[in-house]
Amino acid sequence: MLDIQFIREQSSRVKDAIRNKHAGEEDLVDQVLEADEANRSLTTRMQETQSAANQAARDIGRLMKEGLKDEANSAIEESGRLKATVKELEESQRVAQNALDELLLEIPNVPHESVPIGHSPDENVVAFEFGDLPTFSFPILPHWELTEKLGLVDFDRGSKVAGAGFPFYVGWGARLQRALINYFLDAAGTAGYTEIQAPLVVNADSARGTGQLPDKEDLMYEAVRDGLYLIPTAEIPVTNLHRDEIFSADDLPIRYSAYTPCFRREAGSYGKDVRGLNRLHQFDKVELVHFVTPKNSYDALEELRTHVENLLQELKLPYRRLLMCTGDMGFTQSKKYDLEVWSAGQERWLEVSSISNFEAFQARRMKIRYRPEDGSKAQILHTINGSGLALPRIVAALLENNQQADGSISVPDVLIPYLGADSIS
RNA sequence: GGAGGGGUGGCAGAGUCUGGUUGAAUGCACUGGUCUUGAAAACCAGCAUACCUUCACGGGUAUCGUGGGUUCGAAUCCCACCCCCUCCGCCA
């Protein structure tokens, strides 16, 4: 959610954002301004009437004490009339407020000035590439054949027991998951992140806070009877951890890492995109979240990005960094990087991390604030998050890129102590 | 799941029975000042959040877990819901 005051003062920038993000009609901004105007004039009228009613009620108390019965009675009558008006005005003000709030939820975040303007994924900027693409002297296999040959992942029984997209990891496959999770958490710990274990379900308020509701409702599994959603990312519980809180400047930055399974309905995807480990309904991810002061948020974004890129470099996976253009970056972000690893068996790039600065957009919804100085007014802080990392596609790339002529998989040095083996066969 | 108790400002804690200048006593913490070589102590003052209005000074509204209700007037009375605590039961 944007600051209404910002929209009032910089409506043309907000219109630019809507146009460049393809996030609806620019006309929305004018609707917001009108709704805001209407809401404020109603609020003023309502408060003036309330003020008069309060004054009348106070007079009654005083007149009663002084024993001026007649005056008290006429004041009671007057107060009754005012009360009826207040009730009407309250109702219309509430309607106006709701109308404004709903419109505000449709206004996207404004992209940072460094974000390229573009329409489609083609206009994302490849900002960095690491590593040489591997070459092989023998025919190579995609990971879904490797996992089957080596008995690492059982997709079919997963389908039987839960459904497509809910695989079993078996033996070394399961151990590889655990090794990666531990490696990622340890690396985050060394980098100063506080490790979190979070609830795997959240309520509607939390989903609204990070922006999954109302527009991305179809993404989430819902426990209807209990009003709970299975988390599609640890971002939701971890960011909402500090909903409605006020920090002092000394408390910041706060940096959390959290491993959780993630659940995504992913309605509407098909074909090679969902083959094997490429896209699952349940997958494991370590998420990194920063709470920072506004002036530090872009430095923090780069810091988080560097940390995640180091993980990929340690894993010796060729990857590229995309700076997402306005048209492909999503509703809530101000700036977003995607990291993609090379998948040799599929000869394509797979997204394994998405790293974003939300500026105040999420924090405003959640009322997460800080005081720049003791006694000063509380301000909305900035939130940043990124995957560090999502497992399935990392596993796919590790298997495909490190396959050997004899059918085994070599394990990158950094994982050997975690896995307890230097090769999987 | 059964029975009982409770949710008040950064924290602690009055006020609720007996509705009326109570946005809320008091203490602690915090900020500024006096004093002091400096500090402590003492003393004085300030110290919730959001919104509306005003060029500004200021004025106003709402908020005592949440939402409704009664009343001229609700932290205080009534209803529903949420959360916490104690005891019993069940259980990894």
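The values are calculated or read from the model by the stated rules, or taken from the named source; none is laboratory data. Not measured: the values here are computed from a predicted model. Counting neighbours? That spans all protein chains shown, and the Cβs are built from the backbone with ideal geometry, glycine included. All accessible areas refer to the heavy atoms of the entire protein, side chains included, with ligands and DNA or RNA removed. Shrake-Rupley method; radii C 1.70, N 1.55, O 1.52, S 1.80 Å.
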Read through the list (1) without any contact (Cβ under 8 Å) to a residue 24 or more places away in the chain; (2) over 26 Å from A:GLN212 (Cβ atoms), then give the number of the only condition that A:SER343 fails. (1)
Using beta carbons and a limit of 6 Å, which pairs, at least six apart or on different chains, have the first residue in segment A:127-139 and open to solvent by less than 70 Å² (accessible area, probe 1.4 Å) and modelled with pLDDT under 90 and the second one in a loop (DSSP other than H, G, I, E, B) and not acidic (Asp, Glu)? A:GLY131/A:PRO318
Would you be able to tell me the number of residues in segment A:357-373 that are within 27 Å of A:TYR259 (Cα to Cα) and open to solvent by 10 Å² or more (accessible area, probe 1.4 Å)? 7
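Here's the yes/no breakdown for (1) open to solvent by less than 60 Å² (accessible area, probe 1.4 Å); (2) out of contact with any strand residue (DSSP E or B) (no Cβ under 7 Å at 6 or more places or on another chain); (3) assigned by TED's automatic domain parsing to the domain that holds A:MET329:
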| position | (1), (2), (3) |
| --- | --- |
| A:THR43 | yes, yes, no |
| A:ALA72 | yes, yes, no |
| A:GLU78 | no, yes, no |
| A:VAL125 | no, no, yes |
Would you be able to tell me the number of residues in segment A:29-53 that are under 30 Å from A:THR326 (Cβ atoms) and touching a residue at least 24 places away in the same chain (Cβ under 8 Å)? 7
For the structure I just gave you, tell me whether A:ALA188 is more than 24 Å from A:ARG364 (Cβ to Cβ), touching a residue at least 24 places away in the same chain (Cβ under 8 Å) and not hydroxyl-bearing (Ser, Thr, Tyr). yes
When segment A:1-28 is examined, which residues are found to be away from RNA strand B (no atom under 13 Å from the Cβ), open to solvent by less than 40 Å² (accessible area, probe 1.4 Å), touching a residue at least 40 places away in the same chain (Cβ under 8 Å) and in a helix (DSSP H, G or I)? A:VAL14, A:ALA17, A:ILE18, A:ASN20, A:LYS21, A:LEU28
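Can you tell me which residue in segment A:324-344 is nearest to A:LEU311 (Cα to Cα), limited to those that are open to solvent by 10 Å² or more (accessible area, probe 1.4 Å) and more than 13 Å from the chain's Cα centre (by Cα)? Step through it out loud before you land on a result.
Of all residues in segment A:324-344, those open to solvent by 10 Å² or more (accessible area, probe 1.4 Å) come to A:327-328, A:330-333, A:335-337, A:340, A:342.
Of the ones still in play, those that are also more than 13 Å from the chain's Cα centre (by Cα) are A:327-328, A:337, A:340, A:342.
On the way: A:GLY327: 28, A:ASP328: 25, A:TYR337: 16, A:GLU340: 13, A:TRP342: 15 Å.
Across segment A:324-344, the extreme among qualifying residues is A:GLU340.
If a residue counts only when it is within 20 Å of the chain's Cα centre (by Cα), aliphatic (A, V, I, L, M) and in the same structural domain as A:VAL161 (by TED's automatic domain parsing), which strands (runs of 3 or more DSSP E) contained entirely in segment A:245-316 have at least 2 such residues? Step through it out loud before you land on a result.
Values: elements: A:246-248, A:254-263, A:282-292.
Answer list for segment A:245-316: A:254-263, A:282-292.
So, restricting to helices (runs of 4 or more DSSP H) that lie completely within segment A:55-170, which ones have at least 3 residues that are more than 29 Å from the chain's Cα centre (by Cα) and under 30 Å from A:LEU42 (Cβ atoms)? Spell out how you get there, then give the answer.
Numbers: elements: A:69-105, A:143-150, A:155-161.
It comes to A:69-105.
Residues A:SER376, A:SER354: which one is assigned to a loop (DSSP other than H, G, I, E, B), out of contact with any His (no Cβ under 8 Å at 6 or more places or on another chain), open to solvent by 20 Å² or more (accessible area, probe 1.4 Å) and of a type in the set (S, T, N, Q)? Walk me through it before giving the result.
Values: A:SER354 fails: assigned to a loop (DSSP other than H, G, I, E, B).
Only one candidate qualifies: A:SER376.
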When the residues of segment A:163-173 are filtered to those that are open to solvent by 40 Å² or more (accessible area, probe 1.4 Å) and out of contact with any strand residue (DSSP E or B) (no Cβ under 8 Å at 6 or more places or on another chain), which remaining residue is nearest to A:ARG348 (Cα to Cα)? A:ALA164
Any residue in segment A:210-231 that's surrounded by 11 or more Cβ atoms within 10 Å (Cβ to Cβ): show its pairings with residues that are of a type in the set (Asp, Glu) at Cβ separation under 6 Å, as long as the two are six or more apart or on different chains. A:THR210/A:GLU235; A:TYR229/A:GLU222
